[in-house]
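A short write-up of the structure that comes next.
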């Protein structure tokens with residue numbers, strides 16, 4: 001299990017300073033750059049930034065932030081989590097990520113997804129009723145672009161390409177590309193069909209219920225004759241020195257953002273008991289380093305995944321608490337998980 | 001414009017360099033540009049700008065991504081574009097990218113918007129060249145509204161409408177410095193004045209003084225519209241070496257085959273040696289020793305009432321040492337000399 005990969009993911013939540021005032025979007029972005037540098041220093045393998053188009057989140061173009069991180073780091077891998085391919089142009093996505101790959105000496109990893117938020121559809125003028133066909137077509141084009149040869153392609157959602165060559169080319173000849181899925185079996189099968197590694201977003205409920213998806217991925221790669229790569233999982237959480245402190249620093253901010261987004265999706269307000277049950281049995285990895293490490297080890301073992309990414313920011317949590325969480329994750333949680341799984 | 005306020009910048013089109021005779025890979029060139037921008041800051045230059053191209057040998061297809069990497073490797077130099085092809089970009093994405101760049105760089109982002117002289121982006125992104133003019137006008141309107149207003153409701157012909165959209169991350173109120181790049185069209189000059197935006201003249205051939213009429217038109221239009229005076233800048237190609245001879249020979253070696261190819265594609269004049277020497281002497285090539293290039297820049301600054309001059313220093317396959325030498329000499333010798341010359345004999349502005 002020594003080749004397990006540990007990541008930290010954020011959507012660039014706008015934090016508050018020590019006086020409780022929300023910082024500017026610009027400061028929120030610089031904060032993420034600083035946290036990525038700290039993550040590298042504490043031994044974290046990957047930082048992944050998600051694309052969102054809402055006032056709570058400062059990151060709308062992950063690659064531009066990743067490029068800023070690239071020149072301040074040497075080792076940490078630079079990912080998106082996710083790039084909303086459906087409402088983007090695969091040609092532009094390739095160009096942006098191959099540039100990050102060049103800047104970082106080959107450390108870029110794109111995670112393509114359909115996104116669980118839908119704000120990007122009206123913003124970029126796409127119709128939600130095309131949700132499936134948009135992703136289907138665009139992933140097909142992206143897979144062609146990954147071959148790094150001139151592309152001829154036509155579809156219904158983008159202008160055709162006639163022998164179009166796209167630059168810059170990568171040094172390795174292959175840009176690392178994952179597909180992020182939320183729980184649609186069809187998405188799992190499609191990922192297997194293209195032979196991409198699979199990242200599962202598990203944001204609620206017991207992780208074990210995703211075991212059938214991983215099994216499906218492996219069976220589907222067999223059927224298509226593609227490679228079954230190690231699967232990754234991505235879940236939210238927070239780490240502080242003690243369990244109590246972690247909950248105190250997480251719950252008030254989680255509640256605000258959970259209820260705001262829940263209202264849009266028709267969920268009732270969250271109760272404290274549900275929150276605590278989610279920490280005990282579900283997919284919130286919250287507590288002291290020991291508590292979080294035990295829970296992560298259990299999930300990694302139950303699902304047999306090769307990568308675990310913790311979404312480490314929630315709403316307006318203070319900057320100082322975020323920095324402490326990054327430090328504890330890299331310096332304590334990750335080594336503890338490795339120890340538990342080795343022992 | 002005071003001599004002290006005169007700004008010197010560098011422009012890169014992401015062009016592949018050579019090193020000891022070998023050609024750098026795309027990725028190596030990308031990293032070289034970051035190093036060159038750091039050098040530009042170290043020698044005191046004011047702005048580093050990157051173009052946007054979609055052809056082999058150019059690695060500037062994701063300009064804001066490249067600039068963001070430079071942002072965290074520098075502290076002071078301003079970061080811009082030369083130019084951003086607005087016509088084939090989505091103004092909403094551009095806003096995201098440049099507000100993010102401004103955040104990462106602590107407020108050093110700027111851009112020059114243009115229609116582009118290379119048209120490769122039109123087929124690549126599915127636009128019709130027949131809409132060249134209309135695309136730019138419509139997208140400029142949207143992009144400036146996104147920068148100048150908090151919440152935008154908009155509809156147009158080439159992009160789906162926006163209903164009460166507020167974009168994130170937010171730019172500072174009013175947006176970031178935005179220039180209009182023009183290649184010679186008087187309409188573009190008037191448009192820059194109409195939008196109350198500074199003017200960047202791309203002068204890539206012929207006597208730059210022929211743009212004096214454009215500058216006059218720009219200032220007159222600004223005045224008629226009741227706007228304050230705005231800066232005018234020039235972008236031209238060239239290199240600085242220790243001697244005139246060295247600069248002349250090195251630039252010719254790499255520039256000649258490139259222009260020969262472009263001439264065939266676009267129907268430019270053929271790059272004969274005679275035409276070349278004429279361009280260097282009185283035209284738009286800034287090739288020579290620090291003294292020669294400084295004198296030429298100071299002359300243009302006076303004749304065109306410039307407040308900024310950008311030198312495009314990379315040309316396909318130019319050795320990395322020659323590129324680095326241009327940057328060093330431009331910052332250490334040309335910049336102070338231009339300021340000195342302009343102090344002795346100030347510009348009209």
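We did not get these values from a lab; they are worked out from the coordinates using the rules stated. Everything numeric here is computed off the predicted structure, so don't read it as measured data. Using ideal geometry, Cβ is built from the backbone for each residue, glycine included, and neighbour counts are taken over all protein chains shown.
Take the Cα of residue A:281, go 7 Å toward its beta carbon, and the backbone nitrogen atoms of the range A:179-214 under 14 Å from that spot belong to A:205-209.
A Förster radius of 60 Å, combined with the Cβ-Cβ distance separating residue B:332 from residue A:273, puts the computed FRET efficiency at roughly 0.30.
Within the range B:86-230, DSSP assigns beta bridges of which about 25% are antiparallel (rounded to the nearest 5). Using C-alpha pairs under 8 Å with a sequence gap of at least 6, the mean separation divided by the residue count of the range A:20-168 gives a relative contact order of 19 percent.
Take the Cα of residue B:282, step 7 Å toward its Cβ, do the same at residue B:56, and the gap between the two points is 3.9 nm. Extending 7 Å from the Cα toward the beta-carbon at both residue A:147 and residue B:263 defines two label points whose distance is 3.8 nm. Between the alpha-carbon centres of the range B:186-216 and the range A:267-343 there is a gap of 58 Å. With R₀ set to 22 Å, the beta-carbon distance separating residue B:164 from residue A:131 gives a calculated FRET efficiency near 0.45. Shielding by partners for peptide B:97-108, expressed as the average number of C-beta atoms from other protein chains within 10 Å of each residue's C-beta, is 6.
Under the criterion of Cα pairs below 8 Å and six or more residues apart, the relative contact order for the range A:208-320 equals 43 percent. The calculated 222 nm mean residue ellipticity attributable to helices in chain A amounts to -13500 deg cm²/dmol, summing -39500 (n - 2.57) over DSSP H runs of n ≥ 4 and dividing by all residues. With both labels modelled 7 Å from their Cα along Cα-to-Cβ, the residue A:193 to residue B:228 distance reads 5.9 nm. Calculated [222 nm] ellipticity per residue, helices only, for chain B: -13500 deg cm²/dmol; basis is -39500 (n - 2.57) per DSSP H run with n ≥ 4, divided by all residues, nearest 500. What is the angle, in °, between the Cα long axis of helix B:335-344 and the longest principal axis of the Cα atoms in chain B? Nearest 10 is fine, range 0 to 90. It is inclined by approximately 90 degrees.
Take each residue in A:32-42, count the other chain C-beta atoms within 10 Å of its C-beta, and the mean is 1.
Quick check on packing: order A:77-85, A:255-263, A:16-24 by the mean number of other C-beta atoms within 10 Å, highest mean leading.
So the order, starting with the most tightly packed, is A:77-85, A:255-263, A:16-24.
Take each residue of peptide A:160-171, count the partner chain Cβ atoms within 10 Å of its Cβ, and average: the result is 5.
Once you reduce the range A:184-224 and the range B:69-121 to the center of their Cα atoms, the two points are 38 Å from each other. Which distance in Å, rounded to a whole number, links the C-alpha centroids of the range A:36-64 and the range B:232-305? What the calculation gives is 44 Å, centre to centre. Rounded to the nearest 10 degrees, the inclination of helix A:131-145 to the longest alpha-carbon principal axis of chain A is 70 degrees.
With respect to chain A, whose longest principal axis is taken over its alpha-carbon atoms, helix A:272-281 is tilted by about 70°.
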